[in-house]
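K.L.:
Quick one: structure below, then a few questions.
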Amino acid sequence: MLCPKCGDSHVRPSKRLAPADIVHRFKSEEAYRCRECHARFFGPVDPRTTWIARFQRQFATHRERERLKLKLRSKLTPVILFGIGLAVFAVFLRYLSSFS
Ligand SMILES: [Zn+2]
């Protein structure tokens, strides 16, 4: 996509602000902002910015987060078990030394 004002290709989807944007949305047009000259214009909807694409991205990151959480838990479990074992051993040593 090229900016109609300066012809640069550094454009990004603009955040919807105006009620007129909704009308354009019905015409499958989306507001864009030029990163070079900051001109705001309308162009065809970028498939990457549709709600379904956003939802899929969101879901993917959520799934990634869950996977990281599981990974962390599986790494933390042996450490916690070792700590509990050490504590039990310390109590046992104290119990043994109480006889002498
Ligand atoms: Zn421009």
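The values are calculated or read from the model by the stated rules, or taken from the named source; none is laboratory data. Note that the coordinates shown come from a computational prediction; the quantities given were computed from them, not determined experimentally. A quick note on method: Cβ atoms are made from the backbone with ideal geometry, for glycine too, and the neighbour counts reach across all protein chains shown.
This table checks each residue for (1) touching a His at 6+ places or on another chain (Cβ under 9 Å); (2) among the polar types (S, T, N, Q); (3) within 16 Å of the ligand (Cβ to nearest atom).
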position: LYS27; (1), (2), (3): no, no, no
position: ALA31; (1), (2), (3): yes, no, yes
position: GLU36; (1), (2), (3): yes, no, yes
position: SER74; (1), (2), (3): no, yes, no
position: ALA90; (1), (2), (3): no, no, no
position: PHE99; (1), (2), (3): no, no, no
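K.L.:
Residue check, SER74 against (1) part of a helix (DSSP H, G or I); (2) surrounded by 10 or more Cβ atoms within 10 Å (Cβ to Cβ); (3) small (Gly, Ala, Ser), all met but one. Which one?
P.N.:
(2)
K.L.:
Continuing with the same structure: Going through VAL88, VAL79 one at a time, which residue ends up being loosely packed, with under 10 Cβ neighbours inside 10 Å, modelled with pLDDT of 90 or more and more than 18 Å from the chain's Cα centre (by Cα)? If you could, list the steps in order and put the result at the bottom.
P.N.:
Values: VAL88 fails: loosely packed, with under 10 Cβ neighbours inside 10 Å.
Just a single option satisfies the conditions, and that option is VAL79.
K.L.:
Output the qualifying pairs, or none if there are none: Cβ atoms under 9 angstrom, residues six or more apart or on different chains, first residue in the range 30-42 and closer than 10 Å to SER14 by Cβ and in a strand (DSSP E or B), second residue among the β-branched types (Val, Ile, Thr) and within 10 Å of the ligand (Cβ to nearest atom).
P.N.:
TYR32/VAL11; ARG33/VAL11; CYS34/VAL11; PHE41/VAL11
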